[in-house]
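The values are calculated or read from the model by the stated rules, or taken from the named source; none is laboratory data. Owing to the predicted nature of the structure, the values given are computational and were not obtained by experimental measurement. FYI the Cβ positions are ideal-geometry reconstructions off the backbone, even for glycines, and counts take in every protein chain you see.
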Amino acid sequence: MAKQFLKGNEAVVKGAILAGCRAYYGYPITPASEIAHAAAMYMPLAGGTFVQAESEVAAINMVYGASSAGERVMTASSSPGISLKQEGVSYCAGSELPCVIVDVVRGGPGLGNIAPEQSDYNQVVKGGGHGNYKVIVLAPNSVQEMCNFGMLAFDLADKYRNPVYILTDGFIGQMMEPVEFPEPVTNIPEKPWAVKGNDETSDNLITSIDLDPDDLERHNQKLQQKYAIIEEQEQRAEEYRTDDAEIVLIGYGIVSRIIQTVVDELRDKGVKAGMLRPITLFPFPKKAMEKLTETSKFFLTVEMSNGQLVNDVRLAVNGRKPVHLLTRMGGNVPSTKEIHDEVMKLMRLS
Amino acid sequence: MNTILKKSTSFYDVYERRPGADKLTTTYCPGCGHGVLHKLIAEALEDFGVRDKTIFISPVGCSVFAYYYFHTGNVQVAHGRAPAVATGLKRAHPESVVISYQGDGDLAAIGTAEIMHAANRGEGITVFFVNNAVYGMTGGQMAPTTLVGQKTMTTPRGRTFENEGSPIRMSEIIATLDAPVFVERVMLSDTKSTMHARQAVRKALKLQIEKNAFSFIEVLSACPSQLKMTPSRSKLWVKEVLEKQFPLGVKKDISAEFEKRTFARNVVKNEDIHDILNIVTVDVDSEKIRQYQDKPINEEIKVAGFGGQGVLSLGTVLSEMGMRHNYEVSWLPSYGPEMRGGTANCSVKISNKKIGSPLVANPTILIAMNRPSLDKFENDVVSGGLIMYDNSLIDREPVRDDVDVIPIPATKIADELGNTKAANMVIVGALIAYKDLMSQQVILESLGDVLKRKNLVEMNRNAILRGAEFIRNLKK
């Protein structure tokens, strides 16, 4: 049994190193700091670099440099730190630089608190920085997935030359669970476009500037085509007991674990409930939503934010079925009882 | 010896990247220092034979298009961030030659943090800092180096000390740091000063090539367009006016005694990665846990007490031992709004079904190590659950009559063993014995793998045994 019991924040670093990531640049912030701690511990031992940057802004720009150099590189932060990184993420997207960013979301706005929220959905899933760009967003709901997505994120980043986020929260980052670790990857793709300080790459240019409007529009159109391919090919979702579900609960990350318990309770009572868990937030799992929109009576979105996820659910459902919303904010996590009661109330009303 | 003057091979012959019809000249205005400094750098790269190894970082401002000209690897970056990007590049390719090229607004205003810290880390890069006392490309606004009295678009009546402070001398500031090896301010005003600047450029690059040293060359330069002067007048202004505020000279030079710095990384084989990451294989003798394999278990445990009582590690030991019995387990520390006033708690779930939420709201087992914990969580325990509490510290009994209650003087027992901190393991022993959740033998055998402090393993084994013994005596 090759299992290890560890924190989500540590698992994501080990996953990244197994994926061939050899550079970490970051700034400490609760509740993401264990990611920096683990990277500081293991990166140098694994033949990589760890630098504690002077700021979140510097950290993402070090990532920009390492990615330009062709390295698999990551950084991590929590909500206010992600706000600061957004300029650099926009540059990475514009220059088509692959990188992995972990956001362990905490309560906001402003200084907020260090408890778990999901209120970064808009600032991460919708781009967040300036310009017409999108990032791939993975939402793990277990420590095992923190490791697995730590690996998957690099494959997606390299495949599409695009930043990839792992969007998680204080609970998934702080909790400990057993993890089974895969073998380290051996087939990291070549990056002939990178700038490596050698003759073969001395004609390469990493840039996001294009003064000519027609040229910049063409670049933007090319990016949109890439995002369309990502939407077509990379939707991921988990369905739980949805086969004959009349009521579909939707939530990602930690919320999906609570929903799963509620679905079991409801099923025990004979209520035909099921869960859709978006694993990719961009691309949003529209295909899975399409099928459930046909078969279900109504949806209940549960999120630890002020109705951010529900907007994507509503876009997918497009008015064909009622979409309800249950939110908690400020670091409070919805209990199984309150979700359960909300479903019972909605059933009486419908 | 006859020298044929020709364009350096570090420049492209034809500037294909430059838009428009003119592919042979630069975008720089007559009299501008950028073109001259580009030339000095390009010739040095050619002479030292490092053009192919060079990565040139184009900043924001007029030199944003340096990549039109330099036939090197090129990376264009955000305003102020060149030294941070340079850090990422140089650490990835320690053998490359990385040039971080910035203007005054870029380096000394929006990018102050990045240059200070790259310098302070002594990154193996060469920084060229073009100081022309004005924002050129952006349209003639005040720079951090704009002189007091100097009129710009944002100081229409002239910069004042009272409103804007005085111009920053970056070379002097950088020279106060330990790591930079060579810091010099030069100017591009006339042939003599340009030839001197050439020497500084070459020395700085040579120091990177040979010793991976951080150098900082500040170049006083003219911007005739924004100074609204003729090229020749503006060059004179650099010498007669600008240089008065920014004295030329070597500000720091420790190159002679500086030993080559390496950023070389460990060379690691893929098959060693698991060991490096401390990924250990847990071997469990299935015979020893056989009787627990089919036992229906679904415990939701809340462990609470003072910080320092080992509350969190009590939880992790239970979870890790659960994992060694092939149970599903999760552990969540108190964190966020729950964590107030020096108390700590954690949620542990041990089950043979997949675990939903890791948060325990209504525990089947409450372990209370102090009075506030009992007060806070007693009412949350499910009917028919268990409250195990340390009655050597808690001076009241639980009032619930629909739950099992086990008082145990855990701290007192731990004190008898010689270490108060072992109270948490006394509880582990007692809980395992009372609920028969796991094999005591497996726990004792694997305790050494689970505990971080190996010198305390034996003492903690004794604590577990004493806890179990307490329960056995209670059951008699």
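The set of residues in segment A:195-239 being farther than 23 Å from A:Gly131 by Cα, among the small types (Gly, Ala, Ser) and under 29 Å from the mean Cα position of the chain (by Cα) consists of A:Ala237 alone. Of the residues that make up segment A:94-110, is at least one assigned by TED's automatic domain parsing to the domain that holds A:Asn187, among the small types (Gly, Ala, Ser) and touching a helix residue (DSSP H, G or I) at 6+ places or on another chain (Cβ under 7 Å)? The answer is yes, given that some residue of segment A:94-110 is assigned by TED's automatic domain parsing to the domain that holds A:Asn187, among the small types (Gly, Ala, Ser) and touching a helix residue (DSSP H, G or I) at 6+ places or on another chain (Cβ under 7 Å). Within segment A:173-192, the set of residues being touching a residue at least 40 places away in the same chain (Cβ under 8 Å) and out of contact with any Ser or Thr (no Cβ under 7 Å at 6 or more places or on another chain) comprises A:Gly173, A:Gln174, A:Pro178, A:Val179, A:Glu180, A:Phe181, A:Pro182, A:Glu183, A:Pro184, A:Val185, A:Ile188, A:Lys191.
Residue under question is B:Thr87, and the condition is that it be at pLDDT 95 or above, within 23 Å of the chain's Cα centre (by Cα) and surrounded by fewer than 24 Cβ atoms within 10 Å (Cβ to Cβ); does it hold? No: the conditions fail for B:Thr87. Selection over segment B:45-59 of residues that are more than 9 Å from chain A (Cβ to nearest Cβ) and of a type in the set (A, V, I, L, M) gives a count of 2. Here B:Lys260 meets each of (1) basic (Lys, Arg); (2) in the same structural domain as B:Gly122 (by TED's automatic domain parsing); (3) under 25 Å from B:Glu43 (Cα atoms) with one exception, condition (2).
The listed residues are A:Lys269, A:Lys297, and the only one of them that is without any contact (Cβ under 8 Å) to a residue 24 or more places away in the chain and away from every other protein chain (no Cβ under 14 Å) turns out to be A:Lys269.
Going by the structure shown, is A:Phe171 of a type outside the set (Asp, Glu), assigned to a helix (DSSP H, G or I), within 14 Å of chain B (Cβ to nearest Cβ) and surrounded by 20 or more Cβ atoms within 10 Å (Cβ to Cβ)?
yes
Which ranges mark the strands (runs of 3 or more DSSP E) fully within segment B:276-387 that have 2 or more residues being buried (at least 24 other Cβ atoms within 10 Å of the Cβ), in contact (Cβ under 8 Å) with a residue 40 or more places away in the chain and more than 8 Å from chain A (Cβ to nearest Cβ)? Ranges flagged: B:298-306, B:343-351, B:365-368. Could you list all residues from segment A:31-58 that are in a loop (DSSP other than H, G, I, E, B) and more than 10 Å from chain B (Cβ to nearest Cβ)? Selection gives A:Ala32 alone. The requirement of being out of contact with any helix residue (DSSP H, G or I) (no Cβ under 6 Å at 6 or more places or on another chain) and modelled with pLDDT under 95 is fulfilled somewhere in segment A:157-172, by at least one residue.
With respect to the stated conditions, A:Tyr121 fails to be closer than 29 Å to B:Arg91 by Cα and aromatic (Phe, Trp, Tyr).
Taking segment B:70-174 and the helices (runs of 4 or more DSSP H) fully enclosed by it, the elements with 1 or more residues that are more than 9 Å from every other protein chain (Cβ to nearest Cβ) and not polar (S, T, N, Q) are at B:112-121, B:161-164. Filtering A:Ala16, A:Ala11, A:Ala66 for residues that are in contact (Cβ under 8 Å) with a residue 60 or more places away in the chain, closer than 28 Å to B:Val77 by Cα, within 11 Å of another protein chain (Cβ to nearest Cβ) and in a helix (DSSP H, G or I) leaves a single hit, A:Ala16. If we scan segment A:263-274, do we find a residue that is surrounded by fewer than 18 Cβ atoms within 10 Å (Cβ to Cβ), assigned to a helix (DSSP H, G or I), modelled with pLDDT of 95 or more and not assigned by TED's automatic domain parsing to the domain that holds A:Ile339? Checked against the condition, which is being surrounded by fewer than 18 Cβ atoms within 10 Å (Cβ to Cβ), assigned to a helix (DSSP H, G or I), modelled with pLDDT of 95 or more and not assigned by TED's automatic domain parsing to the domain that holds A:Ile339, segment A:263-274 yields no hits at all. Between A:Asp264, A:Asp212, A:Asp268, the distinction of being under 30 Å from B:Gly20 (Cβ atoms) and among the acidic types (Asp, Glu) belongs to A:Asp212 only. Against the test of being within 8 Å of another protein chain (Cβ to nearest Cβ), surrounded by 20 or more Cβ atoms within 10 Å (Cβ to Cβ) and not in a helix (DSSP H, G or I), the options A:Ile114, A:Ile166 yield a single qualifying residue, A:Ile114. Among the residues of segment A:136-163, those that are aliphatic (A, V, I, L, M), buried (at least 24 other Cβ atoms within 10 Å of the Cβ) and in a helix (DSSP H, G or I) comprise A:Val143, A:Met146, A:Ala153, A:Ala157.
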